[in-house]
Every structure is written in C-alpha cells, then in structure tokens.
Amino acid sequence: MAFNQLSKFIVALCLIQFISGGYSATFTITNKCSNTVWPGILSNAGTAQLPTTGFALQPGESNSIAVPASWSGRLWGRTLCSQDATTGKFSCVTGDCGSSTVECAGGGAAPPASLAEFTLNGANGLDFYDVSLVDGYNLPMTVAPQGGTGGNCTTTGCVVDLNSGCPSELKVTASDEGVACKSACEAFGDPMYCCSGAYATPDTCKPSSYSQFFKNACPKAYSYAYDDGTSTFTCAAADYLITFCPVPPATSVKSANGQYPVAVGVSSSSHSRTPNVFVFATITLLAAFWRLLPIF
Ligand SMILES: *[C@@H]1O[C@H](CO)[C@@H](O)[C@H](O)[C@H]1NC(C)=O
C-alpha cells in the first residue's frame, strides 16, 4: 500500500473518531454489602439500553461497564432476589424491575429504591449525576467520580443504612426486618409530598419532616423533587465508581479491639477515561502497518 493511501486511511479513521463524539465512560459497580445485590440499569427515553441491564453482584464483587458518550439513565440495586422454583420467574423484594429474568431490559425500579441518576455529556459537555431518595430508599450507595475535573466533581450518595431507622409509617419489612424505606409521596400519595398538582413548583413544594429525615441522614442525596441545589453534581470527563454499602455494616465488621477496620477492596487504580472503539481500531491498524513497513 502506498504511503499516501495509508495516510488517507489514517485521516479517515481520525475523522470517524471525531464524528463519533469522543469518549465513553466506564462505570465500575461494586458490592460491599454483606448480601448479594442485583444492580438494574435503565436508560432514559430515547437512549439505547446498555448491553447489560441487570446482573448479580456477590459481596465484594465488582463489574465494569463501558457506557457510551451522552448516555443518560439510572442505576439501582435490587435486593432479596430469587428465581421461582416452578415458574422460573426472577423477582426481587426491593427494586424489582418487573422483568422475569435478571436483565431489566427497559423496566424501571419499583419504589422504594435508592437511585443513581446520570446524564453524561449534557449542558456544557458536563456529566450531571446524583443519588436520589425521591422514590424512597433500599440500599446505601455512593457515586464517586474517578479522574474527572470540575467545581463539584465529588462523591455523592447516601452511606447510611436507613432501613432499621425508617419511620414506621414508611417502613417496608420482610420477615420482620426493615428492607426499604418509602418516600412520603409513595406512602401517602399526597400532592404536597409528591410535588404534584398545586405543589408542582419549587416555590410551592417545600421539604417535609419526612424529606428532612432523608436529608439529615444523607445530606448530598435528593430527598424530594426540588432538592436540586444541594444534590446535583457535575464532572467533565470522568469515570464513575458506584458502590453499594460503601461503609461496612457496623455489626459484622467490628474487630477484636473495637475499632472499625478500614473499608476493604475497592480498586484505586486510576480509571482514565476509556477512548472509544475507534481509537483502539486506529492504534491496532497503525501497529499492524508499522510491522509491515519493512516489506515495502
Ligand atoms: C454543582 O454545580 C452545578 C452546576 O454549576 C450546580 O447546579 C449545583 O447546584 C452544584 N451542586 C452542589 C451540590 O453544589
């Protein structure tokens, strides 16, 4: 192949890379809970579903997912899932997405569930992310940007276990144990709590004693629909580490000397932003041509 053909080819590949919109992000999802969590992922309307929309994560396990540039959607944890022995139907006590398999395939979380919400490469090229308890709570979870930049590119979420301390009128139990905590909207359906009807504006929908229960425990998470100022975070060019139960459960980790051991196991290797497939293709092809050069 003549060198000018080769250079045209490389220019074409670079053009494809440019047009395809730059970089994708990596989500690393880690389960530090003492029980299995089944993450569910739902893309927003108009955004393609990711290659996986649900899977199991054993305690201590992590899974990394490549997320396309401009993806928007939500991610949550399902708990107490099982497959029915006779029907084969998969279902979960909390966060169930209505599908009969482990994949959610377009189904959203049944409240109450803690949600991580993302809009990647939104306004000004920034990623917007938050952890929301607007639809209630089922698991402690954090979203930690890795390697991004920006004024409030910091960890958000809710590290506290609210299932036992949940007010009784909001509490969801299974086998006499608190497994989730409803929002006041879900529990009472009152427009005042739901920010609907006459309360559908930031001026009319105010925090309630119930939303304040969530806000006091988890100051960075959304506690009601218009909690934007303190609950939305932004980053440029970050990857994201999403952790269920970021703080080890106090009862099970107390060591002999009464100290809490340092949290284990989250890889802190630098998560540089993943160049998309075209970059890899370009590099691979360049490497191949490089090796062939002496032949010409
Ligand atoms: C983070 O920055 C965005 C954009 O400037 C802003 O809207 C939001 O209120 C900030 N969030 C926090 C928690 O300060």
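Nothing in this text is a laboratory measurement; each read-out follows from the coordinates by a stated rule. Only a predicted model underlies this, so the values are computations on that prediction, with no experimental measurement involved. FYI the Cβ positions are ideal-geometry reconstructions off the backbone, even for glycines, and counts take in every protein chain you see.
If you check PHE90 against the conditions, is it surrounded by fewer than 22 Cβ atoms within 10 Å (Cβ to Cβ) and touching a residue at least 60 places away in the same chain (Cβ under 8 Å)?
On the way: surrounded by fewer than 22 Cβ atoms within 10 Å (Cβ to Cβ): yes; touching a residue at least 60 places away in the same chain (Cβ under 8 Å): no.
Considered against the rule, which asks whether it is surrounded by fewer than 22 Cβ atoms within 10 Å (Cβ to Cβ) and touching a residue at least 60 places away in the same chain (Cβ under 8 Å), PHE90 comes out as no.
Every residue, every condition in (1) more than 13 Å from the ligand (Cβ to nearest atom); (2) surrounded by 22 or more Cβ atoms within 10 Å (Cβ to Cβ), yes or no:
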site: THR201; (1), (2): yes, no
site: PRO207; (1), (2): yes, no
site: GLN212; (1), (2): yes, no
site: ASN216; (1), (2): yes, no
site: TYR222; (1), (2): no, yes
site: ALA225; (1), (2): yes, no
site: GLY229; (1), (2): no, no
site: PHE244; (1), (2): yes, yes
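Of all the residues that make up region 25-74, how many are buried (at least 17 other Cβ atoms within 10 Å of the Cβ), of a type in the set (Ser, Thr, Tyr) and more than 12 Å from PHE244 (Cα to Cα)?
Number satisfying all stated conditions: 4.
Could you list, in sequence order, all residues of region 67-124 that are part of a strand (DSSP E or B) and in contact with a helix residue (DSSP H, G or I) (Cβ under 7 Å, 6 or more places away or on another chain)?
The initial filter retains those residues of region 67-124 that are part of a strand (DSSP E or B), namely 67, 72-83, 90-94, 115-119.
Hits for region 67-124: nothing passes.
Considering only region 160-169, I want to know if a residue exists there that is away from the ligand (no atom under 16 Å from the Cβ), among the small types (Gly, Ala, Ser) and more than 20 Å from VAL247 (Cα to Cα). Explain how you work it out, then say what you get.
Start the filter on region 160-169 by keeping residues that are away from the ligand (no atom under 16 Å from the Cβ), which leaves 160-169.
Checking which are among the small types (Gly, Ala, Ser) leaves us with 164-165, 168.
Then keep just the ones that are more than 20 Å from VAL247 (Cα to Cα); that gives 168.
Yes: one or more hits.
Residues GLU169, GLU186, GLU117, GLU177: which one is free of Cβ contacts under 8 Å to residues at least 60 places away in the same chain and either surrounded by 16 or more Cβ atoms within 10 Å (Cβ to Cβ) or at positive phi (or both)?
Details: GLU169 fails: either surrounded by 16 or more Cβ atoms within 10 Å (Cβ to Cβ) or at positive phi (or both); GLU186 fails: free of Cβ contacts under 8 Å to residues at least 60 places away in the same chain; GLU177 fails: either surrounded by 16 or more Cβ atoms within 10 Å (Cβ to Cβ) or at positive phi (or both).
Going through GLU169, GLU186, GLU117, GLU177 in turn, just one is free of Cβ contacts under 8 Å to residues at least 60 places away in the same chain and either surrounded by 16 or more Cβ atoms within 10 Å (Cβ to Cβ) or at positive phi (or both): GLU117.
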